[in-house]
Structures are given as C-alpha cells and as structure tokens.
1. For a Förster distance of 35 Å, can you work out the FRET efficiency between the beta-carbons of Gln230 and Leu81, rounded to the nearest 0.05?
2. Pop the C-beta distance of Gln194 and Glu156 into the FRET formula with R0 = 41 Å and round what comes out to the nearest 0.05.
3. Report ³J(HN,Hα) in whole Hz for each residue of the stretch 63-68, in order, from the Karplus equation J = 6.51 cos²θ - 1.76 cosθ + 1.60 where θ = phi - 60°; Gly and Pro get x.
4. Test of understanding: express the Cα radius of gyration of the stretch 95-144 as a ratio to 2.2 N^0.38 Å, with N the residue count.
5. Return the distance in nm (one decimal) between the two label points of a simple spin-label model at Thr58 and Gln73, each offset 7 Å from Cα along Cα→Cβ.
6. Let me cross-check Thr220: its accessible surface, 1.4 Å probe, with only protein heavy atoms counted, in Å² to the nearest 10?
7. According to the Cα gyration tensor, what semi-axes, each the square root of 5 times an eigenvalue, does the equivalent ellipsoid of the stretch 85-193 have, listed from largest to smallest in whole Å?
8. Measure up Lys133/Lys161; Lys161/Lys188; Lys37/Lys177; Lys161/Lys228; Lys161/Lys218; Lys188/Lys218 against 19 Å on the Cα-Cα distance and list the ones that go over.
Amino acid sequence: MRLTRRLEAIAAYVPPGTVVADIGTDHALLPIYLVAKGICPKAVATELNAGPYRSARTAVHLQGLDGKIDVRQGDGLRPLLPGEAEVIVLAGLGGNTIRQILAAAPEVLAAARRLILQPMVDAGDLRLWLVEKGWRLVDETLVEEDGHLYVIVVAEPGLEKVTDPFTLEIGPRLVEKKHPLLPAYLNKLMAEYQRVLKALARSRSPRAEDKSLEISAKLTRLKEVFMKCQ
C-alpha cells in the first residue's frame, strides 16, 4: 500500500510499537498503513460525519484489520479515553482548528506522548499555543506534493527552548536544520503577508495602520532569514 508524500512523512514520525489515533482519518489510509506494516500494534481512527466514518470502516474491513483498527464517529478527541492513544495525529486542518480540538479534550491531551500535526494554515499560532501549554517542538519538516507545501510539526511534553513568537511562526526546527524547502516556505509566508498588507491599505482606521506596521516589520525579518538561507 502506498501513501502520499505527506502521509509518508507523518507515518515516519510514529514511534514503532505505539498506539496511534488518527483524528479525521478520511479513508483510514494512515492507520491501515501503520498497522499493516507492523509499526503500530493497533490504532484508533475517528471521523465526525457519517459518510467519511462509513468509508473508513469499509476500508479497514476490506484490509481485514477490524480487530486492530477501531473506527469511531465523534468530534475531535472526544471519542478517545485518556491514555488510550500514545500518539495523536491531526492533519489537513487549520492550525487554529487543531488548537481548538486539542484544547477541548485536556485529559486526553495530557495523557499523549507525542503529537504529529499538519496544519494547512496558521502554523505559527499553533506552535505558540503548544509552547505555552508545555509542549516542546521535537522536530518539524516540510513536504512538497502536487505543487503544495505542507508543514509537519512534532511535539512532545516538555519545555521548548525557543519562545520568540517570530521564530515560532517560521518554525525553529526548520531554521536550525536549514531545511532545503525553507526558502520556498518563507516565500509563501511573505506572499501571505503581502496580501494582508494590501488589504490593510484599503482601511484608514488607526488599528489597520498599527497592524500594517507590525506586518511590515515581520516582512523585513522574514527577508533577513530568507537571505541567510540562500
């Protein structure tokens, strides 16, 4: 069974022998791969809506893994019991949505040993929240797939040494390892900030002016980091 590059990168961060929970599992591709390959002895796969939930159950059944992958319907981490899954995967959602899901189930979150998160947007907000809540960023990577750039954040309980909001927005581990895709990622961030600046330019409120100054300062720092990556 083959996974996409994005899912392959996520799977590589799952420690062998652990029980994984894939939240918003879609067709349960990740848990099926992890269990079929013997990386995980068992897994939990969750979906909120009935259609995707049935699709996941069917996929697991067709692979003959009903006894090893428990497919559940429910919202966020609520289908899980505390300590039931050592590794929690949340992929393909916005960073602030991921943050809300984690915050809504504190007992389940507190019992987890590792989080593997793939935010589509707002990765900086998610990193900052994790650090404030006692999680350290053990690793990060970038994956390019079908013209899209995906960031993957791996966190474990502990004290994060980097607390600067700007560095957390970029990704401290990405900067430290000088990830080969970091320049492309920085370009993406700069383009997003440029769009925000254009939108703010149409407003004459004092708040918009303050925000423009803040964004301009971030753009300057991003360009400095970008030049160092070349």
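1. Numbers: r = 49 Å, r/R0 = 1.40.
That gives a FRET efficiency of 0.10.
2. Details: r = 35 Å, r/R0 = 0.85.
Here the calculated transfer efficiency is 0.75.
3. With coefficients 6.51, -1.76 and 1.60, one gets 8, x, 10, 4, x, 10 Hz.
4. On the way: Rg = 10.8 Å, N = 50, 2.2 N^0.38 = 9.7 Å.
That ratio works out to 1.11.
5. Taking the simple label geometry, Thr58 and Gln73 are separated by 1.4 nm.
6. Ignoring ligands and nucleic acids, Thr220 comes out at about 80 Å².
7. 22, 15, 13
8. Working: Lys133/Lys161 13 Å; Lys161/Lys188 26 Å; Lys37/Lys177 29 Å; Lys161/Lys228 22 Å; Lys161/Lys218 21 Å; Lys188/Lys218 13 Å.
Pairs exceeding the cut-off: Lys161/Lys188; Lys37/Lys177; Lys161/Lys228; Lys161/Lys218.
The values are calculated or read from the model by the stated rules, or taken from the named source; none is laboratory data. This one's a predicted model, so the numbers in the text were calculated from it and none came from an experiment. Using ideal geometry, Cβ is built from the backbone for each residue, glycine included, and neighbour counts are taken over all protein chains shown. Note: accessible area is taken over every heavy atom of the protein model, side chains too, but ligands, DNA and RNA are not part of it. Shrake-Rupley method; radii C 1.70, N 1.55, O 1.52, S 1.80 Å.
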